[in-house]
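Since the structure comes first, as structure tokens, the remarks are kept for the end.
Values quoted throughout were computed directly from the atomic coordinates according to the rules given, and no laboratory measurement underlies them. Model, not experiment: these values are computed from the prediction. Glycine also receives a Cβ, built like all others from the backbone with ideal geometry; neighbour counts cover every protein chain displayed.
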Amino acid sequence: MERTYLMVKPDGVQRNLIGEIVSRFEKKGFTLVGAKLMTLSKELAETHYGEHKERPFFGELVSFITSGPVFAMVWEGENVISTARSMMGQTNPAEAAPGTIRGDYGVQVSMNVIHGSDSQASAEREISLFFNEQELNNYEKEVNKWV
Ligand code: DGI
């Protein structure tokens, strides 16, 4: 079954949006397989956002993502990677559709509430960056036969 890495960013934690965000993915029908509140080290943040290291906003991005705890999660379900991206909305909350997480709760691109893996390869990379195998739960939910 497909898995993705999702993370409520420090702005989402500060604004009490963890419950709301978890609830959206639960109600959609996805399965939470791992979660923890953690503060990213500079090294972990730089590795996670490595593809952006030449971008002008890289320093700001790393300092923002390490500025307070994030809520790191692994979610499972059919097409969860692309569906979670649709539920998050466009990167820039100003362009994100109402009804999406960024469209409903974000204002500026630098504080856009949530991160989600954008491909199978990034999902695998990010899950192993943030979680070890013992932190991920393999289980079935009865309700999944109705999802
Ligand atoms: O996968 P996404 O988070 O939707 O977007 P991304 O991988 O292109 O960018 C990673 C994060 O970097 C994004 O969530 C917010 C930040 N970012 C992207 N473009 C800009 C930016 N931050 C600033 N300040 N300015 C930008 O142009």
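Before moving on, here are some points about what is shown:
- Kirkwood-type radius of the chain, with distances r between different C-alpha atoms, in Å: 15.5 Å
- Between helix 18-28 and the chain there is an angle of about 40 degrees, using the helix long axis and the longest principal axis of the Cα atoms.
- For the peptides 125-134, 107-116, the ranking by mean Cβ contacts within 10 Å, running from highest to lowest, is 107-116, 125-134.
- Inter-label distance for His52 and Leu37, nm, one decimal - labels placed 7 Å from Cα along Cα-to-Cβ: 2.4 nm
- Residue exposure proxy: Arg102, Arg85, Arg15, ordered by other Cβ atoms within 10 angstrom of their Cβ from fewest to most, comes out as Arg15, Arg85, Arg102.
- Residue with peak Gaussian network fluctuation, the chain [Cα springs, cutoff 10 Å], from Pro69, Pro56, Pro93: Pro56
- Low-density loop cleavage sites - GluC sites (Glu not before Pro) in the stretch 1-71, where at most 16 other Cβ are within 10 Å (DSSP): Glu2, Glu54
- Cα gyration tensor shape for the stretch 63-137, rounded if a/c is under 1.5, else prolate or oblate: oblate
- With helices as the sole contributors, the chain gives -10000 deg cm²/dmol at 222 nm; each DSSP H run of n ≥ 4 counts as -39500 (n - 2.57), and the sum is divided by every residue.
- Applying both filters, DSSP loop and at most 13 other Cβ atoms within 10 Å, to the trypsin sites (Lys or Arg not before Pro) of the stretch 24-65 gives Lys53.
- Using Cβ point charges alone (K and R +1, D and E -1), the dipole size of the stretch 1-145 about the Cα centre works out to roughly 320 debye.
- Per-pair calculated FRET efficiency, R0 = 30 Å: Ser63 and Ser119 via Cβ, rounded to 0.05: 0.70
- The stretch 1-41 and the stretch 107-147: distance between their alpha carbon centers, rounded to Å: 8 Å
- With the charge dipole of the stretch 24-147 set up from +1 on Lys and Arg Cβ and -1 on Asp and Glu Cβ about the Cα centre, the Cα lying farthest toward the positive end among the listed residues Ser119, Gly50, Gln108 is that of Gln108.
- Contour excess over end-to-end distance, with Cα ends at Lys141 and Ser23 and 0.36 nm allotted per residue: 40.9 nm
- For the chain, the longest principal axis of the Cα atoms and the long axis of helix 120-130 meet at an angle of about 80 degrees.
- Cleavage-rule hits, chymotrypsin sites (Phe, Trp or Tyr not before Pro), the stretch 38-83, DSSP coil, Cβ neighbours within 10 Å at most 11: none
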